[in-house]
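Visitor: One structure, as structure tokens, below. Some questions next.
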Amino acid sequence: MKPQVREALRRSRARDFSFAQGRILGSMCTLPHPAAVEAFTQFMETNLGDPELFPGTQELECKAVERLGHWLHAPAGMGGRMTSGGTESNLTALWIFTSLTGKREVVVPQHAHFSFAKAASLMQVKIKDLPLRNQVADARRLQQTLTPDTACVVGVAGTTNLGLVDPIEEMSEMCREEHVPLHVDAAFGGLVIPFLRSLGKTERRFDFELPGVSSVAVDPHKMGLSVIPSGMLLLREERWWEEIAVASACTHTQRQVSLLGTRPGGAAAATYAVLEELGWEGYREVVRSCMETTEYAARMVEEAGFSLAARPELNLLGVQVTHPQEVAARLSEKNWKVGVDPARGCIRIVCMPHVKKTLIDDFVSDLRSVTA
């Protein structure tokens, strides 16, 4: 590499915030695990959009899907694909279920991810809001929200702003009775909730263990510690992927069943590597540590005189402040990056693996100073 190019790269990277510094508190991503980095580097040239050229990479994708599917109680006959993340997974789920049912309405909780607004614009589907109750989807109102044109219902397991979990069990039962697909956006919670259950910290159920759940989106590049971009969409029935299959005469593989044409094989290899490296016990320890930090952060924030927008279910806090956008800007001047939720009057802290207790102490001190 030319010295001037290397220097330009160094200068540009120096302008970025870094997870390694630990002061990124508003992101659901983190430093990838070393095993994921090593695998990604080894498979950078591979393309899952043309698996006939890269059968070994496709095998790793299948193994990663199988491992996560097992953890999420997927039945025999399930099918999954790597995606670029929650947005692509959610768009693809809606694409599949509107194609499968021939219907054009999708019921979405009011706190759902913005990717569903993208879906409405791209696919010309009608989004019907499901009201909230106690800051999660009001399952009691779901029945009256359904119509003969409902293609699917969405539930969220780990909301973006508060880390809350919708009443997926009740929603699943109703969807099963009404024969309506239920898609669960567990981009964040999918690799948190199973381990919280194992630790006895929650009794929440959200995955294929519930018979009414049709699909689950989960992001290994969040709490899975894989590289960016690494998402995954799991379907209860592998055959449903055929609903979006298209001919792809320009590739060695003649049909594709994904939104993207070119798909980074390195992400599949990285995800496979970190799933195998950490295993169930390794992830359980990651979640245990993150929740311990979250509980510590909640205590420190409240002792400093601030209120929480909700008691944390996952490793995410909403801290109520006056003028949250101004507070976030002042924190940014002190090299802290937090999320902002103006509607709820709070800033967001996500206690990812790179966030340590000593960092929380420094943050709370600066939070007090910028809000004084």
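The values are calculated or read from the model by the stated rules, or taken from the named source; none is laboratory data. In this text, all values refer to a predicted model and were calculated from it rather than measured experimentally. All Cβ positions, even for glycine, are placed from backbone atoms using ideal geometry, and neighbour counts span all protein chains on display.
Visitor: Name the pairs: first residue in the stretch 44-66 and farther than 19 Å from residue 237 by Cα and outside any loop (DSSP other than H, G, I, E, B), second residue of a type in the set (S, T, N, Q) and at pLDDT 95 or above, Cβ to Cβ under 6 Å, at least 6 apart or on different chains?
Guide: Going by the 6 Å Cβ cut-off, the qualifying pairs are 57/46.
Visitor: Just give me the residues in the stretch 214-251 being among the β-branched types (Val, Ile, Thr) and more than 17 Å from the chain's Cα centre (by Cα), in sequence order.
Guide: To start, the set of residues in the stretch 214-251 that are among the β-branched types (Val, Ile, Thr) comprises 216, 218, 227-228, 244, 246, 251.
244, 246, 251 - these are the residues of the stretch 214-251 that are among the β-branched types (Val, Ile, Thr) and more than 17 Å from the chain's Cα centre (by Cα).
Visitor: Right, another one. Out of 297, 269, 245, 249, report the one residue that is over 22 Å from residue 52 (Cβ atoms) and out of contact with any Pro (no Cβ under 6 Å at 6 or more places or on another chain).
Guide: Working: 269 fails: over 22 Å from residue 52 (Cβ atoms); 245 fails: over 22 Å from residue 52 (Cβ atoms); 249 fails: over 22 Å from residue 52 (Cβ atoms).
Result: 297 is the single residue among 297, 269, 245, 249 that is over 22 Å from residue 52 (Cβ atoms) and out of contact with any Pro (no Cβ under 6 Å at 6 or more places or on another chain).
Visitor: Looking at 196, 210, which one is out of contact with any Pro (no Cβ under 6 Å at 6 or more places or on another chain), modelled with pLDDT of 95 or more and not in a loop (DSSP other than H, G, I, E, B)?
Guide: Details: 210 fails: not in a loop (DSSP other than H, G, I, E, B).
Going through 196, 210 in turn, the sole match is 196.
Visitor: Do you know which residues across the stretch 83-105 are small (Gly, Ala, Ser) and assigned to a helix (DSSP H, G or I)? Walk me through it before giving the result.
Guide: Step one: list which residues in the stretch 83-105 are small (Gly, Ala, Ser), which gives 84-86, 89, 93, 99, 102.
Those that are small (Gly, Ala, Ser) and assigned to a helix (DSSP H, G or I): 86, 89, 93, 99.
Visitor: So, in the stretch 112-154, of the ones that are assigned to a strand (DSSP E or B) and β-branched (Val, Ile, Thr), which residue ends up surrounded by the fewest Cβ atoms within 10 Å (Cβ to Cβ)?
Guide: Our first condition is that a residue be assigned to a strand (DSSP E or B); within the stretch 112-154, this holds for 126-130, 132-133, 136-137, 150-154.
Now narrow it down to the ones that are β-branched (Val, Ile, Thr): 127, 136, 150, 153-154.
On the way: 127: 17, 136: 20, 150: 21, 153: 29, 154: 28.
For the stretch 112-154, the residue satisfying everything is 127.
Visitor: Further question on the same structure: Are any residues in the stretch 357-372 at pLDDT below 95 and among the β-branched types (Val, Ile, Thr), and if so, which ones?
Guide: Scanning the stretch 357-372 gives a single hit, 358.
Visitor: While we're on this one: Could you say which residue among 227, 257 is β-branched (Val, Ile, Thr), farther than 30 Å from residue 172 by Cα, in contact (Cβ under 8 Å) with a residue 12 or more places away in the chain and touching a helix residue (DSSP H, G or I) at 6+ places or on another chain (Cβ under 8 Å)?
Guide: Working: 257 fails: farther than 30 Å from residue 172 by Cα.
Of the residues listed, the single one that is β-branched (Val, Ile, Thr), farther than 30 Å from residue 172 by Cα, in contact (Cβ under 8 Å) with a residue 12 or more places away in the chain and touching a helix residue (DSSP H, G or I) at 6+ places or on another chain (Cβ under 8 Å) is 227.
Visitor: Quick one: is residue 42 surrounded by fewer than 17 Cβ atoms within 10 Å (Cβ to Cβ) and touching a helix residue (DSSP H, G or I) at 6+ places or on another chain (Cβ under 8 Å)? If you could, list the steps in order and put the result at the bottom.
Guide: Numbers: surrounded by fewer than 17 Cβ atoms within 10 Å (Cβ to Cβ): yes; touching a helix residue (DSSP H, G or I) at 6+ places or on another chain (Cβ under 8 Å): yes.
So residue 42 passes the test.
Visitor: For residue 41, work out the one condition from (1) among the hydroxyl-bearing types (Ser, Thr, Tyr); (2) closer than 24 Å to residue 157 by Cβ; (3) part of a helix (DSSP H, G or I) it doesn't fulfil.
Guide: Result: residue 41 passes all but (2).
Visitor: Would you mention how many residues in the stretch 249-299 are in contact with a strand residue (DSSP E or B) (Cβ under 8 Å, 6 or more places away or on another chain) and under 18 Å from residue 194 (Cα atoms)?
Guide: Final tally of qualifying residues: 2.
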